[in-house]
Amino acid sequence: MPRVIVLVVLASLALYVSSDQIVQGALQKIFPYAAPAKVKTLTTNVNKQTAIAKAKTVVKNWIPKNWKAANAKVDAKNQLSKQAYAQKKALTFIDYRYSLKKYINYLYNQAVNTKYLTKPEADNMRTMFWAADSKALNNYTVTCQTFMMEAMQKIQKNPTIQESVTDLTGKFAKANPTDYANLQWTL
C-alpha cells in the first residue's frame, strides 16, 4: 500500500510540474515562419529548463538556424519576420512565463497562509489556472478570464475570489514590480 501512495504522489507532482509548461502553439505564434517540428523541439527544450538564463540560452541558440524555414513565405509587414524582433519577443515571453509561475505560486501561498483557501482548494485553483492557460495557448488575458469565471463558480466566499485575487495582485505588484510588469507581455 505505501508503494501505491508514493506512486500517486509522484503522478500528482508530475501533473503539476507539467501543467505550467509552455505549449507549442505559443512559441509558434512568436515564430510563425519556423517549421512546426522545429518549434516543437524548441518548446520541449525550453520546458526542460528550470532557470530563466538557461531557457533564454536555449532560445538564443535555436534562433539563428531555425527561426525561419527555408521555404517560408515571409510577410515583410509582420514584425515577426525580423529575426531580432522575434528573438526579443521570445526572450521577453520567457521572462513572462517565469514571472507568471512566481505570481501563481504567490497567490497560492497567500491564499493558504491567510486561510482564505484550504490547501486542497488552493491546489484545485492552481490546477484550474494552468488548465485554462494551456487551453488558451499561454494567452494571459484569455487565461485569466477563463479561470476567474470558473473560480467564481467554485469558490463562494466573502470577499469573493475576484476581490481576493485583485487585492493579492496589488500586493504582488508592490513587492515584485519587475515580475508584475512582465505579466503585461503581449505579442
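The values are calculated or read from the model by the stated rules, or taken from the named source; none is laboratory data. The structure presented is a predicted model; accordingly, all values stated were derived computationally and were not measured. Positions of Cβ are generated from backbone atoms using ideal geometry, with glycine treated the same way; all protein chains shown enter the neighbour counts. Side chains are part of the model used for accessible areas, which takes the heavy atoms of the whole protein and leaves out ligands, DNA and RNA. Shrake-Rupley method; radii C 1.70, N 1.55, O 1.52, S 1.80 Å.
Quick notes on this structure:
- Estimated dipole of the chain in Debye, rounded to 20 [Cβ of Lys and Arg +1, of Asp and Glu -1, Cα centre]: 800
- Using the rule -39500 (n - 2.57) for each DSSP H run of four or more residues, divided by the residues of the chain, the 222 nm mean residue ellipticity is -24000 deg cm²/dmol.
- Once the mean of 1/r is taken over each pair of separate Cα atoms and inverted, segment 19-183 shows a Kirkwood hydrodynamic radius of 17.2 Å.
- By the rule of a C-alpha distance below 20 Å, with chain neighbours fewer than 8 residues away ignored, the lysines paired with residue 60 are 29, 38, 40, 48, 68, 82, 88, 89.
- Taking trypsin sites (Lys or Arg not before Pro) as exposed when their DSSP state is a loop state and no more than 15 other Cβ atoms lie within 10 Å, the longest site-free interval of the chain runs over 1-47.
- Within the accessible area of segment 19-183 (1.4 Å probe), percent carbon and sulfur: 55
- For the chain, the solvent-accessible area of protein heavy atoms averages 59 Å² per residue (probe radius 1.4 Å; ligands and nucleic acids excluded).
- Additional length obtainable on full extension of the chain from residue 166 to residue 154, 0.36 nm per residue less Cα span: 2.6 nm
- Pairs of Cα atoms farther than 21 Å apart, segment 109-178, %: 25
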